[in-house]
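Worksheet: one structure, shown below.
Just so it is clear, none of the values below were taken in a lab; they were calculated from the coordinates. In this text, all values refer to a predicted model and were calculated from it rather than measured experimentally. Cβ atoms come from the backbone with ideal geometry, glycine included; neighbour counts cover every protein chain shown.
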There are 2 protein chains.
Amino acid sequence: MTTDPESVGIIGLGLIGGSVARDLVARQVTVTAYDRDVERLRALGDADLRGITLTSSPRDAANADVLMIAVPVTEALDVLKTVAPHVTRARLIMDVGSTKRSIVSLAESLGIGARFVGGHPMAGDHHFAWSASRRDLFVGAPVYLCPAATTAPDAIAHARRFWEMLGASTTTMDAAEHDERLAWTSHLPHAVAAALAQSLNSAGVSRAELGPGGRDMTRVAGSSPDMWAQIWMDNAAHMAESLDAMEGRLRELRDRIQRGNVEAVREWFEDGRRWFERSERLRERP
Amino acid sequence: MTTDPESVGIIGLGLIGGSVARDLVARQVTVTAYDRDVERLRALGDADLRGITLTSSPRDAANADVLMIAVPVTEALDVLKTVAPHVTRARLIMDVGSTKRSIVSLAESLGIGARFVGGHPMAGDHHFAWSASRRDLFVGAPVYLCPAATTAPDAIAHARRFWEMLGASTTTMDAAEHDERLAWTSHLPHAVAAALAQSLNSAGVSRAELGPGGRDMTRVAGSSPDMWAQIWMDNAAHMAESLDAMEGRLRELRDRIQRGNVEAVREWFEDGRRWFERSERLRERP
C-alpha cells in the first residue's frame with residue numbers, strides 16, 4: 001500500500017487516538033471509532049467529531065483496513081482479546097501503549113501476530129483525553145514500533161508508513177528491549193515527578209511557590225493516573241529496578257550530607273552533571 | 001535614600017553577582033568587584049567587564065555604599081568573617097545565597113547585624129558563572145529578604161528598593177522559616193533532578209533518549225555542583241526531612257506495584273495529581 005489507508009478503526013478517543021483521528025479525517029480517510037465515553041463525547045457536539053463515525057461497541061470499530069487500539073495498556077489487552085475474533089478485514093492491527101511486551105505476546109497467542117505491530121508514540125503530555133487531542137500531535141515525534149516474531153514484513157512497512165504519514169519518525173525495536181529501556185527513559189521520570197508532587201503536598205507547599213526548576217519537575221504529575229498505573233504495573237519488574245536505583249541515589253545523598261562531607265556531596269552531584277554535560281555536547285555537535 | 005546607590009561592591013561575579021553588576025553598570029552605578037578567578041575574568045576581555053573596577057582582594061571590594069556577597073553559601077560565611085572588620089562605609093550588606101539562617105546569624109555575631117539583610121533571588125538557572133550572567137536577570141524574579149533580629153528598618157527598606165530597582169519582587173521572611181520552606185520548594189527538587197540524572201547514567205541512558213517530561217526533569221542536574229553541595233550541607237536538617245519524604249513516596253510506589261494492586265497504584269498517583277490540579281485552578285482564577 002503506497003497511498004493512505006481507505007478506512008481506519010480506532011478504539012479509544014483520548015489524547016493519542018483522538019489526535020490520530022483528527023489527522024486522518026483531515027486527510028479524507030474514513031474513521032470509525034469507539035470510546036467507552038461515547039455518549040459523553042456525542043453530547044460535546046464538537047465539530048471535529050462529526051467527521052468520525054462513532055460506534056456503540058469496540059467490535060463495530062474493528063471492521064476497517066487498519067485497526068488501532070488506543071486505550072491504557074491493561075485495558076488494551078482486554079480489548080484485543082474481545083475484538084480479535086472479529087478483526088477479519090484489517091491488514092494492520094496496532095496499539096499505542098507505553099509498554100509493548102504483554103500486548104505483542106498476546107497478539108501472537110491470539111493468532112493475529114502476522115498483522116500486529118505494537119506502536120508507542122512518544123507524544124504524551126500532562127493533558128489527556130479527547131479534549132487534549134489535536135491535529136499534528138505526531139509531527140516530529142519519535143514512535144517505537146515493536147513487531148511480533150511472526151509479524152509479516154508488509155505489516156511492519158505498513159505501520160511505518162502510517163506513522164510517517166502523520167509526521168512521526170519511527171524506530172523498530174524488540175518489545176522486551178523497549179520495555180526495559182522505557183522503564184528508565186519515561187516510566188521512572190513520571191514516577192519521580194509524581195513522588196515529588198506528593199512530597200511537596202505533604203509539606204503543605206503549593207506549586208506556585210516553586211521556581212522554574214521545580215515547576216518543570218512536577219509538570220507530568222498532572223498526567224492520567226489510570227494510564228500510568230497500568231503502565232507501571234505492566235512493567236513491574238523493570239520499574240522495581242529503576243525505582244530502586246533512584247531511591248539508592250537519594251539515600252546516598254542523605255548519608256553524605258549527614259556525614260558532613262561537603263566534598264563527597266559535591267562529587268555526588270558532579271556524577272549527574274557530567275551526564276548532563278555529555279548530552280549537551282552531543283546536541284551541539286554540527 | 002530614594003535614588004540609586006552611589007557605589008556597590010560585589011564579591012563574586014557568577015550568574016547572580018555578574019548579573020547584578022551588569023544591571024548596575026547600565027544604571028551608571030560605580031561597581032567595584034572581586035572574584036577569585038579575577039585573572040581569568042580579565043583575560044576574557046569582555047566589554048561588559050570594562051565598566052567594573054576589578055580588585056585583587058575581597059577587602060578592596062568592600063569599600064562601597066552597598067556590599068553584596070555573591071559566592072556559594074559556605075564560602076559566603078568565610079568571606080563575611082574576612083571582610084566584616086573592613087566594612088566601615090557600607091550602609092547595607094547583603095548576600096544572595098539559597099540558605100539564610102547561618103549567614104544572618106553570623107552577621108549578628110560579627111556585630112554588623114544592623115546593616116545586614118540576607119537576600120535570596122530565585123533567579124537561578126542550570127547555567128552558571130560570569131559567562132551565564134546577563135542584564136535583566138531579575139526582572140519579575142521573586143527575592144526573599146531575611147533580616148537579622150537587629151537589622152535597622154532603614155537597611156531593610158534599602159534592600160527592598162535595591163532589588164526592586166533591578167525588577168525583582170521582594171518578600172520579607174524569617175531566615176529559619178525561609179530555610180525550612182526552601183528545603184521543599186527548591187533544595188529537594190534540585191536533589192531529585194540530580195538523583196534522576198545519576199540513575200539514568202547508571203542505566204546507560206542518554207538525555208537525548210528522554211521525552212519532554214524527562215528532559216525537563218533533568219535540566220537543573222546541569223547546575224553548579226559547588227553551589228548545591230554547600231546549600232544542602234548548610235540546610236542539612238531540613239534536607240534530611242525532605243529527602244526522607246521523597247524516598248518514602250518512591251518506596252511506597254514500589255511496594256504497591258509489587259503487591260500487584262493497580263487501584264492502589266492509581267490512588268498513589270492521584271494524590272500528586274490533585275495537588276497539581278489545585279495549583280492549575282488557582283493559576284487560572286481571574
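Cross-link reach is defined here as a Cα-Cα straight distance under 26 Å, omitting same-chain residues fewer than 8 places apart; for B:Lys81 the lysines meeting it are B:Lys100. Considering only B:Arg91, B:Arg40, B:Arg219, the Gaussian network model of chain B with Cα springs below 10 Å gives its largest mean-square fluctuation to B:Arg40. Could you please report the charge total around A:Asp174, scoring K, R as +1 and D, E as -1 over all other residues with beta-carbon less than 13 angstrom from its beta-carbon? Within the 13 Å Cβ shell, the charges total 0. Comparing B:Phe276, B:Phe128, B:Phe162 in a Gaussian network model of chain B, where Cα atoms under 10 Å apart are tied by springs, the biggest mean-square fluctuation is seen for B:Phe276. Have a look at B:Ala203, B:Ala168, B:Ala191 and tell me which one the Gaussian network model of chain B (Cα, springs below 10 Å) gives the largest fluctuation. Answer for the Gaussian network model of chain B: B:Ala203. For the protein assembly as shown, what does the alpha-carbon gyration tensor say about shape, rounded, prolate or oblate, given a ≥ b ≥ c as the root eigenvalues, a/c under 1.5 as rounded, and a/b over b/c as prolate? Since a/c reaches 1.5 and a/b is larger than b/c, the shape of the protein assembly as shown is classed as prolate.
For A:Glu164, the distances from its label point to the matching points in the remaining copies are 6.1 nm, ordered from shortest, with each point set 7 Å beyond Cα toward Cβ. What is the spin-label model distance, in nm, from A:Thr82 to B:Arg278 if the labels are put 7 Å beyond Cα along the C-beta direction? Modelled inter-label distance: 3.6 nm. Each copy carries a label point for B:Thr82 at 7 Å from Cα toward Cβ; from one copy, the others' points are 7.2 nm away, ordered from shortest. Axis between B and A by rotation; chain B residue with nearest Cβ and distance in whole Å recorded as B:Asp216, 2. Both radii are taken from the alpha-carbon atoms of region B:25-69; with Rh as the Kirkwood radius, Rg/Rh is 0.95. With the Kirkwood sum run over all distinct C-alpha pairs, region B:61-102 has a hydrodynamic radius of 10.5 Å. All distinct Cα pairs of region B:140-179 go into the 1/r average, and the inverse of that average, the Kirkwood radius, is 10.4 Å. Each other copy holds its own label point for B:Asp255; taking that point as 7 Å from Cα along Cα to Cβ, the gaps run 2.2 nm, nearest first. A cut-off under 15 angstrom between Cβ atoms defines the neighbours of B:Glu108, and their net charge, with Lys, Arg +1 and Asp, Glu -1, is +2. Rounded to the nearest 500, the 222 nm mean residue ellipticity of the protein assembly as shown from helices alone is -15500 deg cm²/dmol, with -39,500 (n - 2.57) taken per DSSP H run of at least 4 residues.
The smallest convex shape that holds all Cα atoms of region A:152-279, its convex hull, gives 175 Å³ per residue.
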